[in-house]
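Quick notes on the structure that follows.
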Amino acid sequence: MAGAALSAGTLLATDVQAEDGDRSGSLSKGDAAILRFLAAAEILETDLWVQYNELGGIQDSEVPGGSGSGPYTDALVALDGDMPQYIHDNTEDEHTHFRFINAYLASKGADTVNLDAFRTLPGSTATGSSRKPRLTNLMQLTVDTSFYTRYRSRTKNPDLDPNFKFPPAVPSLSSGQFPAIPRNDADLTPHDHIQAIANTAAFHFAFIEGGGTSLYPSLAQRVTNVQVLRILLSIGPTETAHFQIWHDKAGAAVSAPIAPLTDPKNPTLMFPDLNSPPFGGENFQTNLIMPEPCPFLSRKFRVCSIIRPTKTEGLQWEQSRRLPRTGFSSANRRSSLKCCAIWQPTRMQHAGNVSQSNFQLPDYCRAADWQKSRTRGLKSPL
Ligand SMILES: [Fe+2]
């Protein structure tokens, strides 16, 4: 990845390649690698949010592209009247995150991230889409909705209970591939079908931002430079702000009068009413969106309301497991190998037995750089 020239905060679409270099400039190799990892994640987030905004958000000079889909927007608005504004603002935020991180890397003489070479996936052809090639595929999503019960549990914490399976709020979203945007105009009817698509999007919104909510505080524990730490501590909580909004909107998809709802074009997709028996109670009631207190660090301490997970050892972050399911890695084999490798450092932390020779890593974030980024005194997972 050559150091891409940046002007006025705009990432130039240069023909940079992942194997070109890994200059860290005046940053430590570890800090630069973490920032590049985050820039890559933010570029992917931006790509999917742009697709949502083109069809269901507000298209304007801040977030240009697309012209909106009336039926899709109506289905999103059925969840909350402010959905188009929220989608717009989340999209703009992600743009600023990756542009800032890349500009900061460039200012320190470090290499930046550009994934334009991987923008090869066809997107929606529904009226309102810009039909640009994409990095992520929102038309064949498998969405892990276990964040819903993870944040409601008073007794389990993924950092302390890595083998506990938090039950998904919408089990069918975990066991199939579903569109979160209309794939074409045939998806705009009947009403309950486009509503099921909007409901899928609502849970995907929360899933994505919940991932960022854990990712930033986790990586913040590994940086060494105070200014880099400030970047992570300042961007991370905006992901949490997004997550909290989307957690609430997802609840509308599993509440009356929207729920229960079965997709008439795919009856395997069903959104239950989580406020009615056999659901309801602390684990499912839809307005319980504040994080419930849970065990933290050790069960010898009192429970505490916290972000979870944040542990950086022995833990497989959900991004590394779930992001490929967005379709990002299915563009083509060459792209797949490189792009999946971006996430390998998190897998390596989980595997705990990785040596450099086991992987052909790209230069975004080499294992050695991550090893150097370990906070002093932190037990090595590798
Ligand atoms: Fe972000």
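Values in this text are rule-based calculations from the coordinates and carry no lab data. Remember, predicted model here, so these are calculated numbers, not experimental data. Using ideal geometry, Cβ is built from the backbone for each residue, glycine included, and neighbour counts are taken over all protein chains shown.
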- Note on the structure: The exposure ranking of 35, 79, fewest beta-carbon neighbours within 10 Å first, is 79, 35
- Arranged by the count of other C-beta atoms within 10 angstrom, fewest first, what order do 23, 302, 36 take? 302, 23, 36
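Kirkwood hydrodynamic radius, computed over distinct alpha-carbon pairs, for segment 121-194: how many Å, to one decimal?
The answer is 14.6 Å.
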- Spacing of the two label points (7 Å from each Cα toward its C-beta) at residue 60 and residue 270, in nm: 4.2
- Hull surface over four for the Cα convex hull of segment 225-294, reported in nm², is 7.2
- Message: Going by amide H atoms built from the backbone, whose H comes under 5 Å of the H on residue 120, apart from near neighbours?
- Response: 134
- Centre separation in Å (Cα based) which lies between segment 20-51 and segment 54-131: 18
- For residue 141, the residues 5 or more places away or on another chain with a placed amide H closer than 5 Å to its own amide H are 178, 180
- Report the calculated FRET efficiency for residue 140 and residue 227 (r = Cβ-Cβ distance, R0 = 41 Å), to the nearest 0.05. 0.55
- Task: Counting other beta carbons within 10 Å of each Cβ, put 108, 165 in order, fewest first.
- Result: 165, 108
- So what J values fall out for segment 86-99 if you push phi through Karplus, 6.51 cos²θ - 1.76 cosθ + 1.60 with θ = phi - 60°, rounded to Hz, Gly and Pro as x? 5, 4, 4, 5, 5, 4, 4, 4, 5, 3, 5, 5, 6, 5
- Answer with one residue from 280, 202, 215: the one whose Cα lies farthest towards the positive end of the charge dipole of segment 155-300, charges on Cβ with Lys, Arg +1 and Asp, Glu -1. 215
